[in-house]
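The values are calculated or read from the model by the stated rules, or taken from the named source; none is laboratory data. For clarity, every value in this text was computed on a predicted model and none was experimentally measured. FYI the Cβ positions are ideal-geometry reconstructions off the backbone, even for glycines, and counts take in every protein chain you see. For the accessible areas, the whole protein counts, side chains as well, though only heavy atoms, and no ligand, DNA or RNA atoms are used. Shrake-Rupley method; radii C 1.70, N 1.55, O 1.52, S 1.80 Å.
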Amino acid sequence: MKTYTNTGSKDTRSGFGAGLTELGQTNENVVALCADLIGSLKMDDFKANHPDRFFQVGIAEANMIGLAAGLTIGGKIPFTGTFANFSTGRVYDQIRQSVAYSGKNVKICASHAGLTLGEDGATHQILEDIGLMKMLPGMVVINPCDYNQTKAATIAIAEHNGPVYLRFGRPKVANFTPENQTFEIGKALHLTEGSDVTIVATGHLVWEALEATKELNEKGVSAEVINIHTIKPLDDKAILESVSKTGCIVTAEEHNHLGGLGESVARVLATNRPTPQEFVATNDTFGESGTPAQLMEKYGLNSDAIVKAVEKVMKRK
Amino acid sequence: MANIQQLEDLTTQVRRDILRMVHKVNSGHPGGSLGCAEFFVALYNDIMERHDDFEMDGIGEDLFFLSNGHISPVYYSVLARSGYFPVEELNTFRIIDSRLQGHPTTHEGLPGIRIASGSLGQGMSVALGAAQAKKLNNDSHLIYSLHGDGELQEGQNWEAIMYAAGNNVDNIIATIDLNGQQIDGPTDVVLPLGNVKEKFEAFGWTVIEINQGNNLEEILKGMKVAKSKTGQGKPVCVLLKTVMGNGVDFMMHTHAWHGKAPNDEQLEIGLAQNAETLGDY
């Protein structure tokens with residue numbers, strides 16, 4: 001079984017910041033907007049290097065989305081930055097009308113997604129954002145798994161002409177994908193080959209899925225882990241090919257089971273190849289204050305939860 | 001630049017277009033459209049420096065954004081009669097497979113439209129973004145926008161108004177259509193706006209008032225003053241006092257025709273008050 005090494009834990013938001021810094025140097029059309037969270041979003045470098053292309057909008061996210069839509073008219077490629085909650089739920093109609101329906105080339109970059117935001121609690125821990133964004137026609141939805149991949153995704157979305165939702169997080173997590181990788185939107189990545197079960201994970205849950213395979217391996221279960229960094233457009237082919245081999249699937253995400261990756265996968269399976277599926281996701285609930293590790297355990301989003309889901313789904317084959 | 005008589009004739013024809021468009025599909029918003037007919041005619045035929053061919057990025061020309069998208073009939077009529085698309089296409093307003101959606105959109109690729117609007121309160125932010133893009137591109141042309149007065153009840157406007165002054169966005173002229181009416185009644189009854197002039201000024205804008213917003217000469221004069229105030233470090237607001245339903249006597253001074261189409265008889269009365277000038281579509 002192929003194994004992966006954590007080369008040093010880093011936060012995915014810093015991957016975004018590093019990607020944005022690079023874009024600042026390589027693409028003069030890239031501009032950035034932030035709603036009073038420059039430090040949290042790691043946008044300091046871009047601001048310092050390109051003050052003319054950086055827009056501090058204050059605590060006014062609706063205006064930020066509109067400004068970004070307007071900036072595209074004239075050829076700019078705006079990257080907006082704030083927490084995931086304020087990037088989506090707070091500004092849904094602004095994104096819907098001024099960005100998605102208008103077909104504007106805006107990159108909505110959202111940090112502190114999910115429970116791992118931690119102690120700030122449920123007001124800030126959005127678990128519905130993937131659903132909100134994937135329902136918008138034409139919106140690309142990406143949730144990279146580690147620092148290196150978030151940096152690569154940030155750079156890649158500048159080349160995609162159209163609206164993108166890029167979701168990342170606050171805590172330091174394992175950094176295990178290759179440095180300077182090429183990021184291909186919509187292309188699932190096979191991390192391990194397996195024959196008994198497919199585990200499709202996104203974001204922070206990808207590393208947890210890899211951790212789960214170690215325990216599963218000891219139990220004699222051969223798990224195929226697929227990193228679905230792009231939830232929309234979904235790599236249907238990769239999922240269908242894998243389940244044709246394994247016959248069952250577990251989806252894992254730091255998001256509500258309603259509206260998330262798991263439901264997208266379920267649609268693909270139901271319409272092509274009905275397959276037993278278990279969901280590692282939150283169960284239609286808000287979060288609460290706590291450390292990221294405590295929250296992931298309490299809400300069933302860690303490697304232990306994935307192992308249990310695998311054992312359950314394999315019995316349903 | 002056209003002379004006043006030509007602009008008057010065009011305005012009359014635009015009124016006919018508006019009435020006929022909404023009558024045909026028995027839906028749409030004639031009141032606000034009629035109230036802004038003179039403004040749109042002046043904007044597209046005198047005030048703005050614009051290219052004949054439509055390009056989304058609009059480099060090297062003035063741009064216009066309509067925030068209160070429900071007055072699409074006047075927008076479509078003036079765009080068509082300014083050469084952006086064939087006037088015959090006005091026949092397709094609000095019907096299936098049309099580029100002339102109920103509210104304006106880029107989605108169907110209608111030339112002249114740069115943003116979807118309809119859900120209110122978003123246009124000011126978009127216009128300001130386009131204004132910032134102009135500055136980044138060293139493009140000295142201006143951004144024009146139009147907003148309903150009732151629309152100012154949407155909070156996003158005030159985020160944008162604060163942003164514009166705080167960031168010295170001085171290449172925008174945002175016009176507020178002060179007709180004092182909204183769907184449920186007079187703005188003073190539904191949710192009073194207070195002193196709009198003082199509010200904009202308190203937020204750091206330069207405010208120009210056009211008290212006869214249905215008089216072409218007054219509009220041209222006022223907008224010329226507004227233009228002269230751009231480039232001075234402050235955003236510019238024009239308060240355009242109009243009469244909803246202007247030019248059709250039974251539609252004037254009431255919110256009743258905000259979103260209601262005339263019946264056959266009412267259409268004939270309205271058209272009789274606005275004799276054909278440039279030819280119906």
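Atom-type composition of the exposed protein surface of the protein assembly as shown places 47 percent of the accessible area on carbon and sulfur (1.4 angstrom probe). How many percent of Cα pairs in chain B exceed 25 Å? Percentage above 25 Å: 41.
Measuring between their Cα centroids, segment A:204-225 and segment B:112-158 lie 51 Å from each other. Overall shape: oblate for segment A:208-317, with the ratio a/c of the largest to smallest alpha carbon gyration tensor axis at 1.5 or above and b/c at least equal to a/b. Diffusion of segment B:1-44 by Stokes-Einstein, at 37 °C in a medium of 0.692 mPa s and with Rh set to the Kirkwood radius over alpha-carbon pairs, works out to 303 µm²/s. Beta bridges assigned by DSSP with both partners in chain B are antiparallel in approximately 10 percent of cases. In the calculated pair distance distribution of segment A:1-119, what percentage of Cα-Cα distances lie above 24 Å? Above the 24 Å cut-off, segment A:1-119 has 27 percent of its Cα pairs.
Rounded to a whole number of µm²/s, how large is the Stokes-Einstein D of segment B:38-196 at 37 °C and 0.692 mPa s, given Rh as the Kirkwood radius over C-alpha pairs?
Details: Rh = 16.4 Å.
D, rounded to a whole number, is 201 µm²/s.
Comparing B:A127, B:I95, B:S67 along the charge dipole axis of segment B:4-151, the residue lying farthest to the positive side is B:I95, per the Cβ-charge model.
Find, to one decimal place in angstroms, the Kirkwood hydrodynamic radius of segment B:133-207, where the mean of 1/r is taken over every pair of different Cα atoms and then inverted. Across segment B:133-207, the inverse of the average 1/r is 13.5 Å. For segment B:1-26, the residues whose backbone nitrogen is under 15 Å from a point 7 Å from the Cα of B:D264, taken along Cα to Cβ, are B:23-26.
Using the Cβ of A:C109 as centre and a radius below 11 Å, the other residues enclosed give a net charge of +4, where K and R count +1 and D and E count -1. Of all beta bridges that DSSP places with both ends in segment A:168-317, some 10 percent have antiparallel geometry. Over the C-alpha atoms of chain A, the Rg to Rh ratio, Rh being the Kirkwood estimate, stands at 0.96. Bridging of B:K197 to lysines at a Cα separation below 17 Å is possible for B:K229, B:K234, B:K241, once same-chain residues fewer than 8 apart are set aside.
Please compute, over every Cα-Cα pair in the protein assembly as shown, the percentage with a separation greater than 41 angstrom.
Details: 59715 of 178503 pairs.
Summing the P(r) tail past 41 Å for the protein assembly as shown gives 33 percent.
A straight chain from B:A2 to B:K227 at 0.36 nm per residue would run longer than the Cα-Cα distance by 79.1 nm.
Of the GluC sites (Glu not before Pro) in segment A:1-91, which ones lie in a loop per DSSP and count no more than 15 other C-beta atoms within 10 Å?
Details: sites: A:E22, A:E28, A:E61; in loops: A:E28.
Counting only loop positions with at most 15 other Cβ atoms within 10 Å, the GluC sites (Glu not before Pro) in segment A:1-91 are A:E28.
Remark: accessible area buried at the A-B interface is about 2200 Å², both chains counted, probe radius 1.4 Å. Could you compute the FRET efficiency for B:V25 and A:D36, with r as their C-beta to C-beta distance and R0 at 45 Å, rounded to 0.05? Plugging the Cβ-Cβ distance into 1/(1 + (r/R0)^6) gives 0.50. Only helices enter this figure: runs of n ≥ 4 DSSP H residues, each worth -39500 (n - 2.57), summed and divided by the residues of the protein assembly as shown, yield -10500 deg cm²/dmol at 222 nm to the nearest 500.
Label positions at A:H190 and A:A122, each projected 7 Å from the Cα along the C-beta direction, are separated by 4.2 nm.
Treating only the Cβ of Lys, Arg, Asp and Glu as charged (+1, +1, -1, -1), what charge dipole size does chain A show about its Cα centre? Round to the nearest 20 debye.
On the way: 30 positive and 36 negative charges, 114 e Å.
It works out to roughly 540 debye.
Evaluated with a Cβ-only charge set (Lys, Arg +1; Asp, Glu -1), the protein assembly as shown carries a dipole of roughly 1100 debye about its Cα centre, given to the nearest 20. The antiparallel fraction among DSSP beta bridges confined to the protein assembly as shown stands at about 15%.
Using the Cα centre as the reference, give the magnitude of the dipole from point charges on the C-beta atoms of segment B:103-211 (Lys, Arg: +1; Asp, Glu: -1; all else neutral), rounded to the nearest 20 debye.
Values: 5 positive and 13 negative charges, 80 e Å.
So the dipole magnitude of segment B:103-211 works out to roughly 380 debye.
Projecting label points 7 angstrom from Cα along Cα→Cβ for B:N137 and A:K172 puts them 4.5 nm apart. Among the GluC sites (Glu not before Pro) found in segment B:198-281, those both in a DSSP coil and sparsely packed, with 14 or fewer other Cβ atoms within 10 Å of their Cβ, are B:E276. When the Cα centres of segment B:162-223 and segment A:232-303 are compared, how far apart do they sit, in Å? So the two Cα centres are separated by 51 Å.
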